[in-house]
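Single-structure report; data block below.
The values are calculated or read from the model by the stated rules, or taken from the named source; none is laboratory data. Quick caveat, the model's predicted, so the values are computed rather than measured. Cβ placement follows ideal geometry from the backbone for every residue including glycine, while neighbour counts extend to all protein chains displayed.
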Amino acid sequence: MLHITLPDGSRREYPAPLTVADVAASIGSGLAKAALAGKVNGKLVDTSYQIAQDASLAIITAKDADGLELIRHSTAHLLAYAVKELFPEAQVTIGPVIDNGFYYDFSYSRPFTPEDLAAIEKRMTELAQKDEPVQRRVLPRDEAVAYFKGLGEHYKAEIIASIPSNEEVSLYREGGFEDLCRGPHVPSTGKLKHFKLMKVAGAYWRGDSKNEMLQRIYGTAWASKEDLQNYLTLLEEAEKRDHRKLGRELDLFHIDDHSPGTVFWHPKGWVVWQEVEQYMRRVYRDNGYQEVKGPQILDQSLWEKTGHWDKYRENMFVTESEKRDYALKPMNCPGHIIIYKQGIKSYRDLPLRLGEFGQCHRNEPSGGLHGIMRVRAFTQDDGHIFCTEDQIQAEVTAFTALLQKVYRDFGFTEILYKLSTRPEKRIGSEESWDKAEAALAEGLRASGCEFQYLPGEGAFYGPKIEYTLKDALGREWQCGTIQVDPNLPERLDAEYVGEDGARHRPIMLHRAIVGSLERFIGILIEQHAGALPTWLAPVQVAVLNITDAQADYAQNVAKMLQNQGYRVELDLRNEKINYKIREHSMQKLPYILVVGDQEKAAGAVAVRARGNQNLGAMSLEAFAQKLASDIALKS
């Protein structure tokens with residue numbers, strides 16, 4: 001007898017080997033209909049997979065995370081199937097699952113148009129409705145290469161040719177289309193119902209700019225119609241909040257081809273930048289950090305010592321002067337160690353916390369650049385803590401509490417905590433890894449944080465914590481980090497004199513809260529849909545007169561508020577007041593003050609708050625107090 005153990009611990013007996021689909025059918029017709037795959041002894045397999053020995057089995061349906069990934073993977077194949085039906089000369093390459101969907105890359109003689117995309121999606125729907133079975137077969141590698149060459153699928157043949165010659169490869173067929181794939185897949189195309197094609201973009205074959213530019217079709221797929229609609233609604237909202245669009249509309253910044261991957265900050269945008277930087281500078285000052293400033297350009301020999309010249313050279317901008325090679329710094333860490341090494345350090349000096357708003361340059365591929373979220377020149381709220389092993393936990397606890405407060409002040413209330421542990425290839429003793437990982441974990445627990453372990457995801461020299469914030473749309477942004485590094489102090493010969501009088505290596509903790517200021521400001525813009533809280537808003541108040549008779553009074557109101565340190569815009573244009581109100585409302589200002597004859601006579605202002613809220617008339621002193629309260633509360 002064959003024994004199958006189900007997730008609830010129950011066991012079923014069968015007289016002979018059977019498939020995952022057979023087991024699902026024996027449990028119930030509803031499960032048989034819903035089954036997309038199985039997980040046999042922890043391995044994901046097709047429903048056609050035959051179980052020949054005692055095993056544990058979970059039936060995977062669309063309700064499971066694995067099931068949703070299967071749907072997306074299979075929909076990528078359905079996309080390729082439809083493209084080949086409509087454009088037989090197109091060659092297929094690869095089509096993986098990505099966050100919220102999938103893509104497939106094609107080689108074709110002309111660009112796909114929006115009309116092509118609509119036709120492909122329509123054909124996908126038709127093919128899904130045919131409910132054709134998805135069938136797996138296995139071929140020797142060389143036979144598979146010959147098979148795809150015979151089909152004219154040279155990219156696919158090239159992929160298979162890179163597989164070791166002694167291996168077999170699996171193919172999946174649905175109707176007249178067959179594709180290389182490890183699988184598993186849904187049992188039939190009828191399981192694919194809720195999908196939409198999103199856009200076409202360029203992508204180099206194998207990600208190499210020296211190769212042909214392919215066409216990448218992106219799509220999304222979900223388990224239910226409701227999930228699909230919710231996602232499309234989310235995308236619509238995200239588009240409204242797009243920091244690039246709002247950056248133009250609110251006159252904050254722009255990107256220019258004269259300096260790709262860098263930001264041209266406009267006066268209003270630079271106000272936001274300065275507010276973020278000065279806030280973080282106060283955080284440094286109030287929490288024991290000493291602010292430093294290192295040079296932009298450092299000699300090649302330093303980058304050789306750190307290992308960056310060998311492992312990161314292609315991402316660095318280099319220059320030469322007087323027959324010496326230099327690089328623009330891609331990170332601030334080596335400079336901080338050079339500063340640390342000036343003068344003898346004692347154990348009494350530790351922990352030593354250095355912070356810098358250091359501009360870094362990284363030669364990111366042009367295709368990966370994205371507004372101010374991903375750039376080539378960026379400034380980090382970079383900090384490094386030099387400490388002993390025994391001080392790591394306390395520093396992590398203090399840093400986590402600090403990070404939580406900073407995120408709250410910027411309007412983020414939900415944080416995810418992830419602890420990345422030792423990778424397979426690493427340096428250092430097991431004892432030092434044990435101590436470092438335990439210190440990070442205890443530091444999080446002491447802060448009251450629930451966290452997730454990411455086994456093997458640490459750097460080769462030490463573990464790290466990643467702090468990921470969730471925005472108003474539920475999107476995740478990994479900004480903060482604290483990372484244990486004994487390696488760089490060793491490479492650059494940093495020391496301190498211990499209590500025993502001997503020389504010791506400090507531990508270096510790399511830490512950042514907002515990370516790249518450019519990226520963080522982009523996140524802030526999208527979090528608040530451009531309606532930044534009063535303390536961050538580039539213009540906090542606009543003062544509008546109704547007629548020229550109130551112009552002098554409006555100027556006095558603006559001047560009084562400016563003298564109190566508020567950012568005020570005065571609008572004395574000879575325009576209708578409703579037009580002026582509407583125009584300033586479009587700029588998402590926190591407050592608009594309207595002054596007419598009544599307000600002038602009473603020494604008051606009529607206050608309109610963002611969101612078309614009419615707060616009525618109040619004295620200038622009362623309004624100034626309200627403004628001060630908003631700023632103090634970061635509201």
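Can you give me the number of residues within segment 604-635 that are surrounded by 15 or more Cβ atoms within 10 Å (Cβ to Cβ), under 24 Å from Val272 (Cα atoms) and among the aliphatic types (A, V, I, L, M)?
Residues that pass the stated criteria total 5.
Tell me whether segment 243-259 contains one or more residues that are closer than 30 Å to Glu132 by Cβ and in contact with a Phe, Trp or Tyr (Cβ under 6 Å, 6 or more places away or on another chain).
Scanning segment 243-259 turns up no residue that is closer than 30 Å to Glu132 by Cβ and in contact with a Phe, Trp or Tyr (Cβ under 6 Å, 6 or more places away or on another chain).
Please determine, by comparing only the residues of segment 222-246 that are among the hydroxyl-bearing types (Ser, Thr, Tyr) and in contact with a strand residue (DSSP E or B) (Cβ under 8 Å, 6 or more places away or on another chain), which one is surrounded by the most Cβ atoms within 10 Å (Cβ to Cβ).
Per the criteria, the residue is Tyr231.
Out of segment 1-39, which residues are part of a helix (DSSP H, G or I) and either of a type in the set (Lys, Arg) or free of Cβ contacts under 8 Å to residues at least 24 places away in the same chain (or both)?
Asp22, Ala25, Ser26, Ser29, Gly30, Ala32, Lys33
Inside segment 103-118, can you point out the residues that are part of a helix (DSSP H, G or I) and either of a type in the set (Val, Ile, Thr) or surrounded by 18 or more Cβ atoms within 10 Å (Cβ to Cβ) (or both)?
Within segment 103-118, Asp116, Leu117 qualify.
If a residue must be surrounded by fewer than 22 Cβ atoms within 10 Å (Cβ to Cβ), assigned to a helix (DSSP H, G or I) and in contact (Cβ under 8 Å) with a residue 40 or more places away in the chain, how many such residues does segment 40-71 contain?
2
Collect the residues in segment 599-632 that are part of a strand (DSSP E or B) and farther than 22 Å from Asn578 by Cβ, keeping them in residue-number order.
Correct list: Ser619 only.
Counting only residues that are assigned to a loop (DSSP other than H, G, I, E, B) and either aromatic (Phe, Trp, Tyr) or buried (at least 20 other Cβ atoms within 10 Å of the Cβ) (or both), how many does segment 146-182 have?
So the answer is 1.
Anything in segment 375-400 that is in a strand (DSSP E or B), of a type in the set (Val, Ile, Thr) and over 21 Å from Ala436 (Cβ atoms)? List them, or say none.
Within segment 375-400, just Thr379 meets the criteria.
For segment 351-410, name all the residues that are aromatic (Phe, Trp, Tyr) and under 18 Å from the mean Cα position of the chain (by Cα).
Correct list: Phe378, Tyr407, Phe410.
Considering only segment 210-221, I want to know if a residue exists there that is part of a helix (DSSP H, G or I), in contact (Cβ under 8 Å) with a residue 12 or more places away in the chain, in contact with a strand residue (DSSP E or B) (Cβ under 7 Å, 6 or more places away or on another chain) and surrounded by 12 or more Cβ atoms within 10 Å (Cβ to Cβ).
No, there is no match, as no residue in segment 210-221 is part of a helix (DSSP H, G or I), in contact (Cβ under 8 Å) with a residue 12 or more places away in the chain, in contact with a strand residue (DSSP E or B) (Cβ under 7 Å, 6 or more places away or on another chain) and surrounded by 12 or more Cβ atoms within 10 Å (Cβ to Cβ).
Being out of contact with any Leu (no Cβ under 7 Å at 6 or more places or on another chain) and not hydrophobic (A, V, I, L, M, F, W, C) is the filter here, so list the residues in segment 14-26 that pass it.
Correct list: Pro15, Thr19, Asp22, Ser26.
Just wondering, is there one or more residues in segment 177-200 that are among the small types (Gly, Ala, Ser), free of Cβ contacts under 8 Å to residues at least 40 places away in the same chain and on the phi > 0 side of the Ramachandran plot?
Scanning segment 177-200, I find no residue that is among the small types (Gly, Ala, Ser), free of Cβ contacts under 8 Å to residues at least 40 places away in the same chain and on the phi > 0 side of the Ramachandran plot, so the answer is no.
Looking only at segment 278-298, which residues are touching a residue at least 40 places away in the same chain (Cβ under 8 Å) and among the basic types (Lys, Arg)?
Once the filter is applied, which keeps residues that are touching a residue at least 40 places away in the same chain (Cβ under 8 Å) and among the basic types (Lys, Arg), segment 278-298 yields Arg281, Lys293.
May I ask you to verify whether Ala558 is out of contact with any strand residue (DSSP E or B) (no Cβ under 7 Å at 6 or more places or on another chain) and aliphatic (A, V, I, L, M)?
On the way: out of contact with any strand residue (DSSP E or B) (no Cβ under 7 Å at 6 or more places or on another chain): no; aliphatic (A, V, I, L, M): yes.
The answer is no for Ala558.
Hey, can you tell me all the residues within segment 27-51 that are in contact with a Leu (Cβ under 9 Å, 6 or more places away or on another chain) and over 19 Å from His73 (Cα atoms)?
Ile27, Val40, Asn41, Gln50, Ile51 - these are the residues of segment 27-51 that are in contact with a Leu (Cβ under 9 Å, 6 or more places away or on another chain) and over 19 Å from His73 (Cα atoms).
If you check every pair at least six apart or on different chains, which have Cβ atoms under 8 Å apart with a residue in segment 249-277 that is closer than 21 Å to Phe357 by Cα and acidic (Asp, Glu) first and a residue that is in a loop (DSSP other than H, G, I, E, B) and modelled with pLDDT of 95 or more second?
Taking only residues 6 or more apart or on different chains, the pairs are Glu275/Trp535; Glu275/Leu536.
Could you check, for segment 137-145, whether at least one of its residues is of a type outside the set (Lys, Arg), farther than 21 Å from Ser74 by Cβ, surrounded by 15 or more Cβ atoms within 10 Å (Cβ to Cβ) and out of contact with any Ser or Thr (no Cβ under 7 Å at 6 or more places or on another chain)?
Yes, segment 137-145 has at least one match.
List pairs: first in segment 128-155 and more than 29 Å from Lys193 (Cβ to Cβ) and of a type in the set (Val, Ile, Thr), second at pLDDT below 95 and in a helix (DSSP H, G or I), Cβ under 7 Å, 6+ apart or cross-chain?
So the pair list comes out as Val145/Ala157; Val145/Ile160; Val145/Ala161.
Of the residues Ala549, Ala531, which is surrounded by fewer than 24 Cβ atoms within 10 Å (Cβ to Cβ) and over 23 Å from Val263 (Cβ atoms)?
Ala549
Applying the selection to segment 222-231, what residues are farther than 19 Å from Ile120 by Cα and either of a type in the set (D, E, K, R) or not in a helix (DSSP H, G or I) (or both)?
In the first step, residues of segment 222-231 are kept if they are farther than 19 Å from Ile120 by Cα; the result is 223-227, 229-231.
The answer is Ala223, Ser224, Lys225, Glu226, Asp227.
Within segment 456-484, count every residue that is under 19 Å from Glu304 (Cα atoms) and crowded, with 19+ Cβ neighbours inside 10 Å.
1
Quick one: count up the residues across segment 310-336 that are assigned to a helix (DSSP H, G or I), under 17 Å from Leu488 (Cβ atoms) and out of contact with any Asp or Glu (no Cβ under 9 Å at 6 or more places or on another chain).
Residues meeting the conditions: 2.
Helices (runs of 4 or more DSSP H) wholly in segment 507-598 with at least 1 residues that are under 31 Å from the mean Cα position of the chain (by Cα) and in contact (Cβ under 8 Å) with a residue 40 or more places away in the chain - which ones?
Because the criterion is at least 1 residues that are under 31 Å from the mean Cα position of the chain (by Cα) and in contact (Cβ under 8 Å) with a residue 40 or more places away in the chain, the helices (runs of 4 or more DSSP H) in segment 507-598 that meet it are 517-527, 577-586.
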